[in-house]
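Q: Please find one structure pasted underneath; my questions will follow.
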Amino acid sequence: LNILLLGIDKREGEQGPFRTDTMMLLSVDLSNKTASMLSIPRDLWVSIPGYREDRINTAHVYGDIYDYPGGGIALAKKTVQHNLGIPVHRAVRVSFTGFEQIIDAIGGITIDVPERIYDAEYPDENYGTFVLDIPAGVQPMDGQTALRYARSRHSTSDYDRMARQQQVILAARDKVLSLDFPVSRIPSLLDLLGESLYTDLPLKDIITLAELAKDI
């Protein structure tokens, strides 16, 4: 089961369409109970089926602007499948706010920061910037800090950024498993997130994956 994870560059009060700030392909082997993650550079130059060549993070925008069947999320899936040659079965799209809410809902995460993050131009909510400074070492992070850690890119490369994003996802997985987070809470969590999260995964499949998570 190949699931495209999308983080969209959406701020409060904006109407869109939105680019995908983060793209990651999660592949779950349900038979062997293993999983892998492939981060896709957002500036990767690709062919967007039916449109033109452009950065892969614009596929979501084209899908929404031109009323592609299924919208931006469907065209993003098709673009990844077309260029990587592997089927993309489902997708999960989350906004910045939704990401923060998910991390806060599990009580935050703990990250072992390998190198200090010093970003003098981290974007704020009013189209300005501020200085982001996260020291090296084991750091507890709430949703806001985890988002900043995952998004910062001015002081490091996009490859470092993608590695941090995978680190955050694995830390969240470890936290959920340590809490023995009950699958019965999943519907209420989805209700809480509202429009901040969208997925074409049926609820029954989400619950099945959650029940399998500890064995993967």
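Q: Between L30 and Y66, what is the label-point separation in nm under the 7 Å Cα-to-beta-carbon projection?
A: For Y66 paired with L30, the spin-label model returns 3.3 nm.
Q: Within 10 Å, count the other beta carbons around each residue, average over each peptide in 95-103, 208-216, and list them highest first.
A: Answer by packing, highest mean first, reads 95-103, 208-216.
Q: Considering the alpha-carbon set of the chain alone, what are its Rg and its Dmax in angstrom?
A: Radius of gyration, then largest Cα-Cα span, for the chain: 17.1, 48 Å.
Q: Something else about it: Using modelled backbone amide H atoms (1.01 Å from N, in-plane), which distant-in-sequence or interchain residues come within less than 5 Å of L5's amide H?
A: Counting only residues 5 or more places away or on other chains, the set is M24, L25, L26, V92.
Q: Let me ask you something else. Within the chain, which whole H helices from DSSP have a Cα span along their axis of at least 27 Å and a mean Kyte-Doolittle hydropathy of 0.5 or more, if any?
A: Counting only whole DSSP H runs, no helix qualifies.
Q: Once phi is turned into θ = phi - 60°, what whole-Hz ³J(HN,Hα) does the Karplus curve with 6.51, -1.76 and 1.60 give for every residue of the range 18-25, x standing for Gly and Pro?
A: 10, 7, 8, 6, 9, 9, 9, 9
Q: Set the Förster distance to 35 Å, then compute FRET efficiency between E211 and T110 from the Cβ-Cβ distance, nearest 0.05.
A: According to the calculation, E is roughly 0.90.
Q: Could I ask something else about it? Of A146, A76, A171, which is the most mobile in a GNM of the chain whose springs link Cα atoms less than 10 angstrom apart?
A: A171
Q: Still on this structure, please answer the following. Looking at the chain, send over the antiparallel percent of its DSSP beta bridges, to the nearest 5.
A: If I count the DSSP bridges inside the chain, around 85 percent turn out antiparallel.
Q: Using only the alpha carbons, work out the radius of gyration and Dmax of the range 140-216 in angstrom.
A: Rg then Dmax for the range 140-216, in Å: 14.6, 41.
Q: Provide the per residue accessible area, probe 1.4 Å, for the chain, rounded to a whole number of square angstrom.
A: Accessible surface, normalised per residue, equals 53 Å².
The values are calculated or read from the model by the stated rules, or taken from the named source; none is laboratory data. None of the values given here were measured: they were computed from a predicted structure. Backbone-built Cβ (ideal geometry, glycine too); neighbour counts: all protein chains shown. These area figures cover heavy atoms from the full protein model, side chains too; ligands, DNA and RNA do not enter into them. Shrake-Rupley method; radii C 1.70, N 1.55, O 1.52, S 1.80 Å.
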